[in-house]
1. Sort through LYS48, LYS35, LYS66 and tell me the only one that's at pLDDT 70 or above, touching a Phe, Trp or Tyr at 6+ places or on another chain (Cβ under 7 Å), surrounded by fewer than 19 Cβ atoms within 10 Å (Cβ to Cβ) and over 30 Å from ASP223 (Cα atoms).
2. Within the bounds of the stretch 209-216, is there any residue that is under 17 Å from VAL155 (Cα atoms), at pLDDT 90 or above and within 16 Å of the chain's Cα centre (by Cα)?
3. Got a number for residues in the stretch 51-63 being β-branched (Val, Ile, Thr) and crowded, with 20+ Cβ neighbours inside 10 Å?
4. Which pairs turn up if I take residues in the stretch 200-216 that are under 24 Å from PRO32 (Cβ atoms) and look for partners that are outside any helix (DSSP H, G or I) and of a type in the set (Val, Ile, Thr) with beta carbon separation below 6 Å, at least 6 apart in sequence or on another chain?
5. Answer yes if at least one residue in the stretch 26-48 is among the aliphatic types (A, V, I, L, M), assigned to a loop (DSSP other than H, G, I, E, B) and closer than 14 Å to SER259 by Cα, and no otherwise.
6. Considering the stretch 169-189 alone, what residues qualify as being β-branched (Val, Ile, Thr) and within 15 Å of the chain's Cα centre (by Cα)?
7. Look at ALA148 and say whether it is of a type in the set (Gly, Ala, Ser), touching a residue at least 12 places away in the same chain (Cβ under 8 Å) and surrounded by fewer than 18 Cβ atoms within 10 Å (Cβ to Cβ).
8. Which members of the stretch 194-219 meet the condition of being of a type in the set (Val, Ile, Thr) and part of a helix (DSSP H, G or I)?
Amino acid sequence: MQRVTGLLLGMCVLLGGVGITSAQEMSGGVVPPPKVLVIQREFVKPGKAGMVHEKAESAFVQAMAKAKWPSHYLAVTSLSGRSRVLFLTPYDSFEAWEKDAKAVEKNAALSAALDHAYLADGELLSDTDQTVATYSEEFSLRPNVDIAHMRYFEVSLFHVKPGHRKDWAEIVKMVKAAYEKIPDAHWATYEEAYGQFEGTTYLVFSALKSASEIDHSFTEEKDFLAAMGEDGMKRLSELESEGMGPSQTNLFAFSPSMSYAPEDWVKADPEFWKAKMPMAAAAKKPMEKPAQ
């Protein structure tokens, strides 16, 4: 979606707040973002998305539901860009991530079921990768959200040129100051710790209850411009040109049938989470082995 400047492509769509919650607090109600976020991307072959992929993913759901696994994840499907699904698994720490992986390895029945599911799922995919990111409170604004009632994520990707972290910090400081005057502006920022991106990369998550919020965001651009002022916009453009590489924003829809949603989410909004789930309880892939 086009916004005020190239850099603000993602920053200007901040309605609804981020809806990723911690492993211990992934429940109904408003909660803070997790400290560590594991993001698995699955790129689906042409003609293999939709119900075909959902059916394959249901094997993970059923395996983990049967094991009553305590870790949960959220699946979101792409509505722009390449056909792909993001599986977002929150952890309180890297240690918690490691403990989850070791626990899966020790559970023979669950490991066997997951291995079988991976074989079927792999036939539908053209590529996969995994990123691990850490939460940045400094670069976030009012990030807490009632995730059970959200339906979309806008995920913005920002690349910072080498030696320009201070420029990025100044950019976010200016943008936050402007959006603090707009009550419904929310987002959470993560910095890539391990993964496929080169250099310093930030991911900004914005959650939406409905697509109507995207329409509404266009009307708030004038409020943002007024808050920034002419001099502020000039400085913002200079910082973007000097310190930032390419950026992009994509839209994703929550997929209840491919998510391992906590019971609290299901209770909070059963019409969305329970009615569309392949089982009464949901589940997905646990984390892979910790990044080396």
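The values are calculated or read from the model by the stated rules, or taken from the named source; none is laboratory data. Just so it is clear, the model here is predicted, and its values are computed rather than measured. Quick reminder, even Gly has a Cβ in these numbers, built from the backbone with ideal geometry, and neighbours come from all protein chains shown.
1. After ruling out the rest, the residue left standing is LYS35.
2. yes
3. Residues in the stretch 51-63 being β-branched (Val, Ile, Thr) and crowded, with 20+ Cβ neighbours inside 10 Å: 1 in total.
4. Between residues of the stretch 200-216 that are under 24 Å from PRO32 (Cβ atoms) and residues that are outside any helix (DSSP H, G or I) and of a type in the set (Val, Ile, Thr), the close pairs are THR200/VAL160; TYR202/THR189; VAL204/THR189; PHE205/VAL18; PHE205/VAL155; SER206/VAL13; ALA207/VAL18; ALA207/VAL145.
5. Yes, that holds for at least one residue.
6. Of everything in the stretch 169-189, just one residue is β-branched (Val, Ile, Thr) and within 15 Å of the chain's Cα centre (by Cα), namely THR189.
7. No.
8. Passing the criteria: ILE214, THR219.
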